[in-house]
Amino acid sequence: MKLSVDNLSTPFLKGISFEVHDENAVILGSNGAGKTTLAKALVGLYETSSVLVEGEKLASLGSGRRAQLLNFVPSGLDVFDEYIDAEAFLNLSLLNGSTPDDLETVMARLNITGIRNTPCRCLSSGESQLLLFAGGLLHNARLTIFDEPTANLDSDKKIKLFGMLKEHLGWKIIITHDLNLAYRLGYRILYLREGELVFDGSATDFFEESHFRSLFGESICWVGGHFVVNYG
Amino acid sequence: MKRLIFALSLIILAIAPFVGETAMKLANLFTPEATEYLLFWELRLPRVGVAFFTGAILALGGMVFQAVFRNALTTPFTLGVSNGATLATAIGIVFLPASLAALSYFFSFVGAFSTVVVLFLFARSLKATQTHSLLLIGIALSFFYSATLMVIFYLSDLEQSYSIIRFTMGSLSVVGMESLYPVAVAALALLWVVIRYRPELKLLLTSYENAFLKGIEIKKINLILLLAVSISAGVCVSVVGPIGFVGLVIPHIVRLLYRRSSDALILPVFYYGGVFLVFCDLIARNLGAVSEVPIGVVTSFIGGPFFIYIILKQRGRHG
């Protein structure tokens with residue numbers, strides 16, 4: 001599937017153009033760089049005519065077809081009805097061939113079977129994040145965009161989720177500002193800064209010493225194989 | 001608690017047509033010559049039926065509106081349907097000769113429906129997720145209608161003013177089965193629509209974003225639900241006038257009682273909305289010594305305290 005963005009401009013984004021052709025990618029950028037806006041435009045949550053799926057305008061794609069091809073997993077869980085529990089939420093994500101058995105498997109792997117009957121509104125931010133991730137896997141769209149999938153998780157869960165992300169067979173775009181995650185994933189990197197796409201290329205090129213320094217200066221150090229913030 | 005209330009509701013429905021100012025001999029119910037026959041089949045039974053289906057429409061409509069607008073305070077009348085009906089009825093009362101009083105049903109119907117049409121036209125130019133804007137438009141429309149109603153009041157004489165005020169209080173004094181049919185059809189049609197769109201409703205109960213991503217055409221679904229509720233509420237208003245409070249409190253009470261998501265409560269909300277209005281009407285008919293108490297007063301007097309009681313009780317139990 002080819003997803004193309006042609007000169008996308010919004011109040012937050014400035015003339016963004018790129019193509020994703022059946023591949024994984026990472027959208028990197030600092031807070032407020034426009035990552036989530038870009039992701040929402042890619043799945044149609046932000047209405048624009050600049051996004052094309054297989055050459056066809058996303059807005060003219062039927063809603064059922066769109067749900068087959070594209071999904072977005074937000075960083076926060078928003079559920080209006082106070083009595084919808086975690087299992088009911090996941091049941092609503094059983095699309096594109098996923099079965100109730102898959103639901104059980106995913107819940108067991110993410111170790112969230114215990115919150116099955118907990119109302120979504122009562123979940124902690126970490127639990128919500130795992131639930132959203134599980135929903136994304138079950139929805140099983142051709143391309144899934146995960147927005148900061150690891151932001152609220154403790155280290156054990158981050159590692160588990162990283163493993164599951166790598167295993168997940170569908171195409172995915174991961175939005176993050178976690179350089180370590182982007183580095184370990186090794187996918188193509190789209191780097192946004194203040195609404196502009198300033199880098200689009202391989203992870204190797206992005207993390208190449210001089211290029212990396214040109215973007216981050218001395219604010220990030222490379223210590224023991226990891227990026228750490230240099231507080232000075 | 002659930003079982004007790006269900007048992008009580010059955011008793012209320014069973015006795016409602018038999019309790020009233022005039023005591024009835026059961027044996028005479030099937031003798032066409034007896035007064036009881038006329039009283040039961042032409043007055044009491046249609047009245048209980050109209051009360052039931054009106055309550056059912058208002059409660060189910062309230063639940064759907066609360067889900068679509070994501071606002072716990074919306075009722076089927078929030079978008080101005082009842083104000084539209086009231087205004088049109090008032091215009092009919094003041095500007096038409098008294099001999100055309102029988103047309104007041106028709107007027108309130110036109111008022112309610114033109115409001116639905118206006119809302120529909122506005123909704124078409126809004127984006128799918130701009131339900132807040134639609135809500136505000138509905139509220140603005142209500143204010144506009146109220147202001148126009150004031151002008152009509154100003155132009156009316158004493159008797160006309162009284163008729164208008166009496167309409168706004170709502171009344172279940174219907175005669176004959178003919179009044180029951182439109183309300184019953186509207187109620188069952190609304191029930192069918194809501195059940196038909198139950199999966200979509202459940203997705204709307206998570207979030208608009210989630211529903212969109214799961215392949216729901218939000219604008220279409222919202223408009224279908226909005227139209228179904230407004231039209232059926234419009235039918236209610238034109239038969240019995242605006243009866244407040246049912247659409248607001250019954251969905252909340254049923255939710256607190258069952259503790260399940262709204263999509264699983266379509267039938268309970270429909271049923272208890274109906275029972276609640278039958279119960280309120282039972283009291284309205286039997287309380288007043290001189291004439292019956294306006295139904296809207298009873299719904300508020302009973303629903304209000306019970307609502308507060310349930311909320312306080314739930315808060316006490318769950319912190």
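The values are calculated or read from the model by the stated rules, or taken from the named source; none is laboratory data. The shown structure was predicted, so the numbers you read here are calculated from the model rather than taken from an experiment. As a convention, Cβ positions derive from the backbone with ideal geometry for all residues, glycine included, and neighbour counts pool all protein chains shown. Surface areas here come from the heavy atoms of the whole protein model, side chains and all, with no ligands, DNA or RNA. Shrake-Rupley method; radii C 1.70, N 1.55, O 1.52, S 1.80 Å.
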Q) Which value, in Å² rounded to 10, gives the accessible area of B:R196 with a 1.4 Å probe and all protein chains present? A) 110 Å²
Q: Return the value, in Å² to the nearest 100, of accessible area buried between chains B and A (probe 1.4 Å, both sides summed).
A: 2000 Å²
**Q.** Average accessible surface area per residue within chain A, 1.4 Å rolling probe, Å²
**A.** 45 Å²
Q. What ³J(HN,Hα) values, in whole Hz, does the Karplus curve 6.51 cos²θ - 1.76 cosθ + 1.60 give for the range A:176-190 when θ = phi - 60°, with x put for Gly and Pro?
A. 7, 10, 8, 5, 4, 4, 4, 5, 5, 5, x, 6, 3, 10, 10
Q | Most mobile of A:S75, A:S17, A:S124 in a GNM of chain A (Cα contacts under 10 Å) | A | A:S124
(Q) Under 5 Å between amide hydrogens, which residues at least 5 positions from A:T118 or on another chain qualify, with H placed 1.01 Å from N in the peptide plane? (A) A:A86, A:E87
Q | Coil-residue trypsin sites (Lys or Arg not before Pro) of the range B:25-74, DSSP, other Cβ within 10 Å capped at 11 | A | B:K25
Q) Of the accessible area of chain A, with the probe set at 1.4 angstrom, what percent is carbon plus sulfur? A) 48 percent
Q. How high is the FRET efficiency between A:E47 and B:T22 when r is their beta carbon distance and R₀ equals 60 Å, given to the nearest 0.05?
A. 0.40
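With r as the distance between the Cβ atoms of A:S210 and A:R116 and R0 = 56 Å, compute the FRET efficiency 1/(1 + (r/R0)^6) and round to 0.05.
Working: r = 50 Å, r/R0 = 0.90.
After rounding to 0.05, the efficiency reads 0.65.
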Q) Ignoring ligands, DNA and RNA, what accessible area per residue does the range B:2-318 give at 1.4 Å, in Å²? A) 45 Å²
Q | Stretch in chain A that is longest and holds no GluC sites (Glu not before Pro) that DSSP places in a loop and that have at most 11 other beta carbons within 10 Å | A | A:55-217
Q. Which whole-Hz couplings ³J(HN,Hα) result when phi for each residue of the range A:47-60 is put into the Karplus expression 6.51 cos²θ - 1.76 cosθ + 1.60, θ = phi - 60°, listed in order with x for Gly and Pro?
A. 6, 7, 9, 8, 9, 10, 10, 6, x, 9, 4, 4, 5, 8
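With contacts defined as alpha carbon pairs under 8 Å and 6 or more residues apart, what's the relative contact order of the range B:2-318 in percent? Can you show the working numbers first?
Numbers: 442 pairs, mean separation 98.8, N = 317.
Computed over the range B:2-318, the figure is 31 percent.
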Q) So who's got an amide H within less than 5 Å of the one on A:D178, skipping anything under 5 residues away but keeping other chains? H placed 1.01 Å off N, in plane. A) none
Q) Amide H to amide H, which residues 5 or more places from A:K172 or on other chains are under 5 Å from it, using H placed in the peptide plane? A) A:N24, A:A25, A:T144
Q. Which of B:G274, B:G62, B:G304 moves the most in a Gaussian network model of chain B with Cα springs under 10 Å?
A. B:G304
Q. Restricting to the protein assembly as shown, what percent of DSSP beta bridges are antiparallel, rounded to 5?
A. 55 percent
Q | Under Karplus coefficients 6.51, -1.76 and 1.60, residue-wise ³J(HN,Hα) of the range B:57-73 in Hz, glycine/proline x | A | 4, 5, 5, 5, x, x, 4, 5, 4, 4, 6, 5, 8, 6, 8, 6, 9
(Q) Given the -39500 (n - 2.57) contribution per DSSP H run of 4+ residues, what per-residue ellipticity at 222 nm results for chain B, rounded to the nearest 500 deg cm²/dmol? (A) -24000 deg cm²/dmol
Q. In percent, how large is the relative contact order of chain A, given Cα pairs closer than 8 Å and 6 or more residues apart?
A. 24 percent
(Q) Need one word for the protein assembly as shown: rounded, prolate or oblate. Basis is the Cα gyration tensor (sqrt eigenvalues a ≥ b ≥ c); a/c below 1.5 gives rounded, then a/b vs b/c decides. (A) prolate
(Q) Can you tell me how the range A:2-229 classifies by the Cα gyration tensor, rounded, prolate or oblate, using a/c under 1.5 as the rounded cut? (A) oblate
